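**Student:** If you scroll down you'll find the structure; I have some questions about it.
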Amino acid sequence: MSAEVYVVGAGIHPFGRNEDVDGYTMAERACRDALADAGLDWTAVGYAVGGSNDAGKPDNLVGRLGLTGVPFVNVRNGCATGGVALLTAANALRVGEADTALVVGFDKHERGAFSRSAASYGLADWYAETGLMMTTQYFAMKTRRYLHEHGISERSLAAVAARAFRNGARNPVAWRRTELSEEDIMAAAPVNAPLTKYMFCSPAAGAVALVLATGERAHDLCERPVRLAALSMRSRRFGSFEVFSPWLSPKPYHSPSIDAAAAAFARAGVRPSDVGVAQLQDTDSGSEIIHLAETGLCAHGEQEALLRKGATEVDGILPVNTDGGCLANGEPVGASGLRQVHEIVRQLQGRAPGAQVPGAPRVGFTHVYGAPGISACAVLTV
């Protein structure tokens, strides 16, 4: 029987531009903070996994943390990197590779929208020459189609962003810490309609680390360990409309987020309605709206009513992106998925760095989505 795996320590380097610090330095700080949180020395870590897209090879961190011979796996799965890294480390513990592991994600990106080589995704030059490698264009197209199909107003996009900035303003490690009104967000410069500049996250810098332990060790290391009840990852199906897709099916499309979330909830033995706090990929406001339904947290078309009722606020019935999400924190790709888990762990332990969800939530959920169509989800419980 596979071992139960828990998060017993968490550390984060504040997100932002972080102009004067490199990726490895941010990652080292996050690792040392996570180890201190767990009361564990690096020499006692039996397995390690790291993820980064642009800031270097994560396994080089052993040169800073210590040359102990620990197995160290590097992961790179776009915005899903953190979720996949966590899954990789947890699976290693479950099959007996070790009884403790460290997971770290970090990145430091240049200013401006993410833009990738067409060839690196198996696409011809024409795809990039028409501007479709710019992720802002893809997310705007997907959002416009979704709003039209489900009768959701563009005002809902501003409501998502305004809540994100409210939550970010209360989070000491967030990048964007100034509240903005829905009017300010709607009136901001357009990037790709219907999305304005405050409806998009920005490439950023930051790092997060988590310490995992099996049941035999977890309760010795942590007063209130958080159980990784389920982790899942899925890739795209034929006909789904994902980042850098060269075509769009006229029929209803299926998303890897639907499959990953359903698998996670089934494995954990809980329902989406049991979730007390959630983190959803919000590369842009439209993505959060879409992912609310794709993960099963609400029905398609129900999002606008939930937003207007305050259901997704910190004190609502379904708190979402309580730390400000990608919109307020920015997105250092390797760190972003682990930031979600860091926030859920802190919320379930009752020690969130920013706004704390009332009522002692017992079930948390995280969801990441990355190019070219990979989703990873986690269910966490106390």
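The values are calculated or read from the model by the stated rules, or taken from the named source; none is laboratory data. Predicted, not measured: the structure shown is a model, and the values here were computed from it. With ideal geometry, Cβ positions are generated from the backbone for all residues, glycine too; neighbour counts draw on all protein chains shown. For the accessible areas, the whole protein counts, side chains as well, though only heavy atoms, and no ligand, DNA or RNA atoms are used. Shrake-Rupley method; radii C 1.70, N 1.55, O 1.52, S 1.80 Å.
**Student:** Determine the relative contact order of the range 46-160: mean sequence separation of Cα pairs under 8 Å and six or more apart, normalised by residue count, in whole percent.
**Tutor:** Relative contact order here is 25 percent.
**Student:** Give the lysines whose C-alpha is closer than 23 Å to that of Lys197, dropping any in the same chain fewer than 8 places away, or say none.
**Tutor:** Lys108, Lys142
**Student:** Whole-Hz Karplus ³J(HN,Hα) for the range 195-205, in order, using 6.51 cos²θ - 1.76 cosθ + 1.60 and θ = phi - 60°, x for Gly and Pro?
**Tutor:** Ordered by residue, 3J(HN,Hα) equals 9, 8, 5, 7, 9, 10, 7, 10, x, 8, 10 Hz.
**Student:** Relative to the Cα centre, what is the charge dipole magnitude of the chain, using +1 at the beta carbon of each Lys and Arg, -1 at the beta carbon of each Asp and Glu, and rounding to the nearest 20 debye?
**Tutor:** 400 debye
**Student:** Rounded, prolate or oblate, given the Cα gyration tensor of the range 113-193, with a/c below 1.5 counting as rounded?
**Tutor:** Oblate, since a/c reaches 1.5 and b/c is not below a/b.
**Student:** If you fit an axis through the alpha-carbon atoms of helix 23-38 and take the longest principal axis of the Cα set of the chain, what angle between them do you get, 0 to 90°, nearest 10?
**Tutor:** Roughly 60 degrees between the two axes.
**Student:** Cysteines of the chain lacking any other cysteine beta carbon under 4.7 Å?
**Tutor:** Cys31, Cys79, Cys222, Cys298, Cys377, each lacking another Cys Cβ under 4.7 Å.
**Student:** Determine, for each peptide in 102-109, 365-372, the mean count of other beta carbons within 10 angstrom over its residues, then list the peptides with the highest first.
**Tutor:** 102-109, 365-372
**Student:** Okay, helix-only estimate at 222 nm for the chain: each DSSP H run of n ≥ 4 adds -39500 (n - 2.57), divide by all residues, round to 500 deg cm²/dmol; what do you get?
**Tutor:** Estimated from H runs of four or more residues: -10500 deg cm²/dmol.
**Student:** Something else about it: What does the C-alpha gyration tensor say about the overall shape of the range 256-382? Classify as rounded when a/c is under 1.5, otherwise prolate if a/b is larger than b/c, or oblate.
**Tutor:** Here the range 256-382 falls in the rounded category.
**Student:** For the chain, evaluate the Debye formula with one uniform point scatterer on each Cα (no solvent term) and list log10 I(q)/I(0) at q = 0.08, 0.11, 0.14 Å⁻¹, rounded to two decimals.
**Tutor:** Taken in order of the listed q values, log10 I(q)/I(0) reads -0.36, -0.69, -1.16.
**Student:** Under 4 °C and 1.567 mPa s, how fast does the range 59-153 diffuse according to Stokes-Einstein, given a Kirkwood radius computed over C-alpha pairs? Answer in µm²/s, whole number.
**Tutor:** The Stokes-Einstein estimate is 76 µm²/s.
**Student:** Modelled label-to-label distance, Asp22 and Arg308, 7 Å Cα→beta-carbon offset: nm?
**Tutor:** 5.3 nm
**Student:** Here's something else I'd like to know. Which percent of the accessible area of the chain is formed by carbon and sulfur heavy atoms (probe 1.4 angstrom)?
**Tutor:** 50 percent
**Student:** Using only the Cα atoms of the range 150-302, build the gyration tensor, take square roots of its eigenvalues as a ≥ b ≥ c, and label the shape rounded, prolate or oblate: rounded if a/c is under 1.5, else prolate if a/b is larger than b/c, else oblate.
**Tutor:** Note, shape of the range 150-302 comes out oblate.
**Student:** Express in Å², to the nearest 10, the accessible area of Thr196 obtained by rolling a 1.4 Å probe over the protein heavy atoms while all chains stay in place.
**Tutor:** 10 Å²
**Student:** Oh, and also: Sorting Ser287, Ser202 by accessible area (1.4 Å probe), largest first, what list results?
**Tutor:** Ser202, Ser287
**Student:** Roughly how many Å² is the accessible area per residue of the range 93-215, as a whole number, for a 1.4 Å probe?
**Tutor:** On a per-residue basis, the range 93-215 sits at 42 Å².
**Student:** Another question, if that's okay. Explain nothing, just the number: relative contact order of the chain, from Cα pairs under 8 Å at least 6 residues apart, as a whole percent.
**Tutor:** 26 percent.
**Student:** Only Cα pairs within less than 10 Å get springs; with that Gaussian network setup on the chain, which residue of Arg170, Arg64, Arg236 has the largest fluctuation?
**Tutor:** Comparing Arg170, Arg64, Arg236 in the GNM, the peak value goes to Arg64.
**Student:** While we're on this one: Enumerate the whole-percent occupancy of each 5 Å bin, from 0 to the last occupied one, for all C-alpha pair distances of the range 74-223.
**Tutor:** Binned Cα distances yield the sequence 1, 8, 12, 13, 15, 14, 13, 10, 7, 5, 1, 0.
**Student:** Please sort 3-15, 243-255, 68-80 by packing, taking for each peptide the average over its residues of neighbouring beta carbons within 10 angstrom, highest first.
**Tutor:** Averaged packing, sorted descending, gives the order 3-15, 68-80, 243-255.
**Student:** Additional query: Could you order peptides 270-277, 330-337 by the average number of other Cβ atoms within 10 Å of their residues, highest first?
**Tutor:** Listed from highest to lowest mean packing, they are 330-337, 270-277.
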